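Below you'll find the structure, written out as structure tokens, and then a few comments.
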Amino acid sequence: MTEENSGARAVAWAQRLGAGFDAAALERLIALDPDESTGLMPQLVALFEDSLRVQTQALEAALAAVDLDALRRAAHSVRSAAMSMGALEFAQACTALEQQALLQQRSAASHTDGAVFKDGAALLQWALALREQVRRTMAAHGDEGAHGHGRN
């Protein structure tokens, strides 16, 4: 596959996935399956959606429990998945929340201010919207049923 073809496929995937996905990051993933023989990209998209499902549940649980450590761990996990798929702006927000939670944990304050949990709630809403965006892409292109990741 030529670099030009790889770049065109990356742009196509970025357009399919919608706003917030970096074409250069997607191009690096596409290079792992240059002839599309393994169907790697649809599999990676399905895995990303699955990771978002699991981590949004973890974020919800952390927020409900007002648990800084769980919030930090969930932000870290979802950030890793987002970076891998090229959702860079979302990943940066995850990093900021992770750092904010860690600083709050390390502070000598006897109580937690609500800002980190407000930011966590905002990140959760973004993650839910991102997951829905990915699910719609998969459904529109028949990827969801083909790979068995059509979970709630």
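The values are calculated or read from the model by the stated rules, or taken from the named source; none is laboratory data. Just so it is clear, the structure is predicted and the values come from calculations on it, not from any experiment. Don't worry about glycine lacking a Cβ; one is built from the backbone with ideal geometry, like all the others, and counts go over all protein chains shown.
Numbers at a glance
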item: The stretch 106-116 - residue that is farther than 12 Å from residue 66 by Cα and either in contact with a Ser or Thr (Cβ under 9 Å, 6 or more places away or on another chain) or not in a helix (DSSP H, G or I) (or both) and, of those, modelled with the lowest pLDDT; result: 110
item: Residue identified as on the phi < 0 side of the Ramachandran plot, charged (D, E, K, R) and without any contact (Cβ under 8 Å) to a residue 40 or more places away in the chain among 50, 22, 67; result: 67
item: Which numbered condition residue 19 fails, given (1) modelled with pLDDT of 90 or more; (2) surrounded by fewer than 16 Cβ atoms within 10 Å (Cβ to Cβ); (3) aliphatic (A, V, I, L, M); result: (1)
item: Lone qualifier among 14, 65, 58 - being within 23 Å of residue 124 (Cβ to Cβ) and buried (at least 16 other Cβ atoms within 10 Å of the Cβ); result: 58
item: Qualifying residue in the stretch 103-117 (condition: under 23 Å from residue 47 (Cβ atoms) and aromatic (Phe, Trp, Tyr)); result: no
item: Close pairs from the stretch 77-92: first at positive phi, partner at pLDDT below 95, Cβ under 6 Å, at least 6 apart; result: 86/21; 86/22; 86/25; 86/26
